[in-house]
Amino acid sequence: MAVETSRPLAGSLERLGTETAFEVLARAKALEAEGRRIIHLQIGEPDFDTPAHVVEAAARALRDGQTHYCPAPGIPALREAAADYLTRTRGVPIDPGCVLVTPGAKPFLFFGVLATCDPGDEVIYPNPGFPIYESVIRWAGATPVPLPLTEERGFAFTAADVADRLTDRTRLIILNSPANPTGGVVPGSVVDELADVLADHDCWILSDEVYSEMVYEGEHHSIAARPGLLDRTILLDGFSKTFAMTGWRLGYAAVPAPLVEPLTRLFINCHSCTAPATQLAGVAALTGPWDGVEAMMAEFRVRRRLVVDLLNEIPGVSCVEPAGAFYAFPNIGGTGLTARQLQDRLLDEAGVALLAGTAFGAHGEGYMRLSYANSQANLREGIELLAGLLARTAPGTGAD
Ligand SMILES: Cc1ncc(COP(=O)(O)O)c(C=O)c1O
């Protein structure tokens, strides 16, 4: 809640957005403080513990005195481990000198836009999409050009959709596959066609691949691996989702060589460097055993099936099978409620926290984001409560 002040604040703040997920979390916590039980299906983080060997690596590093400043671009051991991992998983050689490390993947969204875009430039970005994209594009003074993701296309897009939006002023295109909030995965054939379109248009690309390990159908394809595109792509990944490390704040990207120095300068102006013990935990995560990641993914796969089946039993609701991430994006068009109305009523009347699709952009109207980063029992209960609320709200009468 904004607090009034007679002293002027920076005008640019008007253009800075936020993440509704944090607002819904605050409201849910307030209700919990009043003694209400809330089922959290709004959350964008795995409900698993960080693998023990990763925690141990950080504890050891702290005991060994890794408590000081370190190089702004990242420690060499992590830059090398991340370059190896990206080379292996994306199938394109990555130079460790082009890998940069930040506290979370998110700073690359902010700094990536600031380093490439001037006021008046156009940025194509997915809508519905992670809300920070539009927020930072606007804050940089650039013009957001939404790329609608539609249910009919499995919440992906076609190369022609992008081509239709490219202009002389397009400076950057942001891609996100697997996607938040839809769980959509861009098929390899579309990535190929898009690469052909972009070959004729010299813009930067920011490929947000933080859910790259979470693909249930098909495979993950990175635009960075398509011929000629690595030189202009910020290939972004992180630890939050893959290794259940949201609270550690650790992310990295392979960036085009001309962006290494400017981005490092932005880091020095902002956070100086990323905590070295955290980075050593990242080395342990990337190079150590993956059984924790595999167990988490096996559980997400089971929950995905459960959630999709239960949602499709509710009159007025339909849900396509999300191909990736840990979100379902059910269509609530038949309920007679707007997404925002359902978000508010669900929380207040049924004690279930979900996010309105509109929290991810205008094209999210008619949808809700349900995160299945919660136990099967809680998912069942939360969806039953949703069904109960909708049964009490006759279609068409919800807008009260
Ligand atoms: C699509 C997308 N990109 C980036 C991030 C930021 O992740 P991190 O926790 O690494 O900053 C998120 C987090 O929810 C996300 O959903």
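Just how far, in whole angstrom, is region 106-128 from region 1-62 if you go by their alpha carbon centroids? First find each Cα centre; the distance between them is then 23 Å.
The amide H of THR102, built 1.01 Å from its N in the peptide plane, has GLY251, TYR252 as neighbours under 5 Å, considering only residues 5 or more places off or on other chains. Averaging Cα coordinates gives a centre for region 274-319 and one for region 233-253; these two points are 14 Å apart. A helix-only calculation puts the chain at -12000 deg cm²/dmol for mean residue ellipticity at 222 nm, using -39500 (n - 2.57) for each DSSP H run of at least four residues, averaged over all residues.
Between the amide H of LEU206 and those of ILE173, ILE174, LEU175, ILE234, distances stay under 5 Å, these residues lying 5 or more places away or on another chain, with hydrogens modeled in the peptide plane. Think of a 1.4 Å ball rolled over the protein heavy atoms: the chain then has 42 Å² of accessible area per residue. Under a Gaussian network description of the chain, with springs only between Cα atoms under 10 Å, the residue in LEU389, LEU166, LEU149 that fluctuates furthest is LEU389. Projecting the Cα positions of TYR85, LEU346, SER272 onto the charge dipole of the chain (unit charges on Cβ atoms of Lys, Arg, Asp and Glu, taken about the Cα centre) puts SER272 furthest along the positive direction. In order along region 45-51, the Karplus-derived 3J(HN,Hα) couplings, from 6.51 cos²θ - 1.76 cosθ + 1.60 at θ = phi - 60°, round to 9, x, 8, 10, 7, 4, x Hz, and Gly and Pro are given as x. Remark: spin-label model distance GLU349-CYS270 equals 4.1 nm, labels positioned 7 Å along the Cα→Cβ axis. Applied to region 229-240, the Karplus parametrisation 6.51 cos²θ - 1.76 cosθ + 1.60 on θ = phi - 60° returns per-residue 3J(HN,Hα) values of 9, 4, 5, 10, 10, 8, 9, 9, 9, x, 9, 3 Hz, with x for Gly and Pro. Checking every one of the GluC sites (Glu not before Pro) in region 1-58 against DSSP loop status and a limit of 13 other Cβ atoms within 10 Å picks out GLU4, GLU34.
Expressed as a whole percent, the accessible surface of the chain that belongs to carbon and sulfur atoms is 54, based on a 1.4 Å probe. Each residue of region 126-138 was assigned a 3J(HN,Hα) from its phi angle through the Karplus expression (A = 6.51, B = -1.76, C = 1.60, θ = phi - 60°), giving x, 9, x, x, 4, x, 5, 4, 4, 4, 6, 4, 5 Hz with x at Gly and Pro.
Relative to the current alpha-carbon distance between THR87 and ALA33, full extension at 0.36 nm per residue lengthens the span by 14.7 nm.
The values are calculated or read from the model by the stated rules, or taken from the named source; none is laboratory data. Keep in mind the model is a prediction, meaning the values are calculated, not measured. Cβ atoms come from the backbone with ideal geometry, glycine included; neighbour counts cover every protein chain shown. Areas reflect the complete protein model, heavy atoms only, side chains present, ligands, DNA and RNA absent. Shrake-Rupley method; radii C 1.70, N 1.55, O 1.52, S 1.80 Å.
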